[in-house]
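The values are calculated or read from the model by the stated rules, or taken from the named source; none is laboratory data. Keep in mind that what you see is a predicted model, and the values were worked out from it rather than measured. Every residue, glycine among them, receives a Cβ derived from its backbone with ideal geometry; neighbour counts consider all protein chains shown. What goes into the accessible areas is simple: the full protein's heavy atoms, side chains included, and nothing from ligands, DNA or RNA. Shrake-Rupley method; radii C 1.70, N 1.55, O 1.52, S 1.80 Å.
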Amino acid sequence: MDPETPVYMRIAETLRRRILTGELAEGARLPSSPEIARQYGVARNTASAVLGVLVTEGLAIARPGSGTYVRAQPRRRRLVRSWHRNATGGSPFARSMADYAQIGSWDYESRTSLAPAAVRDRLALPEPEGDHPDTMHTTYTFRGDGQPVQLSESWEPLTLTRGTPIVLPEDGPHAGLGVVERMRQIGVMVSHAAEVVSARQASIAESSALDVAPGSIVLTIQRTYYAEARPVESADIVIPVDQYEVVYGTSIWDAPS
């Protein structure tokens, strides 16, 4: 490690290696701040920062009044993001959960809203007229056997869905079918999707909703569905990377030659 690395990070790296090699097993109690301060000859606040790093990384969990313990690491599962799976109807998420013999479910709330600027760009919406809502905005918490798996916010232009049976994504005769199949019901044929993938720390609200440690790293996906050149839906998806990895698949007919 670079000698200019702060001392608390060097100490955290020592403990991190002991955790990752199994020397400190799941559930093991980590040294307390006073113990770290004495062992390494550092100030108490430096020792506290060491434990804070391990908690932020999801390697440890702090239990008030008890101590800091090595956190059980969940087995990472795969979420398949496949155009073929999305285009065949039904819920792609439910099928991903079925791969692990889990029941996929989701909580949701839909309301009309004025799309934020970044989403307006993705949906190619015109400048807003006052504060009049122009999208159906749906927030989701997706679950596998009742446990949170991913979060999503979806926006669909009301110019496309207003007055149709699919205006409410999770209510009505085509509820829960997924964007591609729902759009097909009103004669809109989704031709492709574009996704922008990145990673960042979870917000406090996201950490709480996903039941992960504060500051955990999450995968973010900005997805937009198109009917040829027209954007018909866009979503922001958040997935905890310590629990799930994302697998992409495509038809060989769509692959570049």
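Scan region 134-169 for residues that are open to solvent by 40 Å² or more (accessible area, probe 1.4 Å) and at pLDDT 95 or above and the total you get is 7. When ASN45 is tested against (1) open to solvent by 30 Å² or more (accessible area, probe 1.4 Å); (2) outside any helix (DSSP H, G or I), exactly one condition is not met: (2).
Scanning region 94-113 for residues that are in a loop (DSSP other than H, G, I, E, B) and among the polar types (S, T, N, Q) yields one hit, GLN102.
When ASP131 is tested against (1) closer than 22 Å to VAL246 by Cβ; (2) among the acidic types (Asp, Glu); (3) modelled with pLDDT under 95, exactly one condition is not met: (1). With respect to (1) within 17 Å of the chain's Cα centre (by Cα); (2) assigned to a strand (DSSP E or B); (3) farther than 19 Å from MET97 by Cβ, the lone exception for ALA205 is condition (2).
Could you list all residues from region 1-42 that are of a type in the set (Val, Ile, Thr) and either touching a residue at least 60 places away in the same chain (Cβ under 8 Å) or not in a loop (DSSP other than H, G, I, E, B) (or both)?
The first filter runs over region 1-42 and keeps only residues of a type in the set (Val, Ile, Thr), leaving 5, 7, 11, 14, 19, 21, 36, 42.
Within region 1-42, VAL7, ILE11, THR14, ILE19, ILE36 qualify.
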